[in-house]
Amino acid sequence: MRGYNRGEYMDDDALKASIEGRYSVLPRWVWVGFYDYGWVNGSDEPIFNGKTAHSIGTGLRWQTTPSKPLHIGVDVAFTEDDTVFFIQLGESF
């Protein structure tokens, strides 16, 4: 999940849903808005009874060359406990 440390929400079972919107600002520049929601559970109970986490954020992507879909991005994600800035090469999905 964007906005959390890698491994912070890991257990035997995990499920994540993401919604992401993109808007092309200039030919090679894209603004991104996203919302992630997930569940983790380590017991025999249903996944939706486990711990939940969510984040909301925004970012900017730049396509490195006009002919190749490789993007470099800068994002900020907000969680209940933290605000995280990160740089990304490629896409989340």
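The values are calculated or read from the model by the stated rules, or taken from the named source; none is laboratory data. Remember, it's a predicted structure, so these values are computed and weren't measured experimentally. Glycine also receives a Cβ, built like all others from the backbone with ideal geometry; neighbour counts cover every protein chain displayed.
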| Residue list for segment 66-84, restricted to those being over 14 Å from ARG2 (Cβ atoms) and assigned to a strand (DSSP E or B) | LYS68, PRO69, LEU70, HIS71, ILE72
| message | Cβ-Cβ under 8 Å, sequence separation 6+ or interchain: first residue in segment 69-83 and more than 15 Å from TYR37 (Cα to Cα), partner part of a strand (DSSP E or B) and basic (Lys, Arg). Which pairs? | response | HIS71/ARG61; ILE72/ARG61; GLY73/ARG61
| field | Selected residue (criterion: modelled with the lowest pLDDT) from residues of segment 1-30 that are of a type in the set (Gly, Ala, Ser) and part of a strand (DSSP E or B) | value | ALA14
| said: For segment 50-58, check the following and say yes or no: at least one residue is under 17 Å from MET1 (Cβ atoms), polar (S, T, N, Q) and under 12 Å from the mean Cα position of the chain (by Cα). | reply: yes
| task | Go through segment 31-55 residue by residue and tally those that are in a strand (DSSP E or B) and either of a type in the set (Asp, Glu) or over 30 Å from SER67 (Cα atoms) (or both). | result | 11
| field | In segment 40-80, residue surrounded by the fewest Cβ atoms within 10 Å (Cβ to Cβ) [restricted to those that are acidic (Asp, Glu) and at pLDDT 85 or above] | value | GLU80
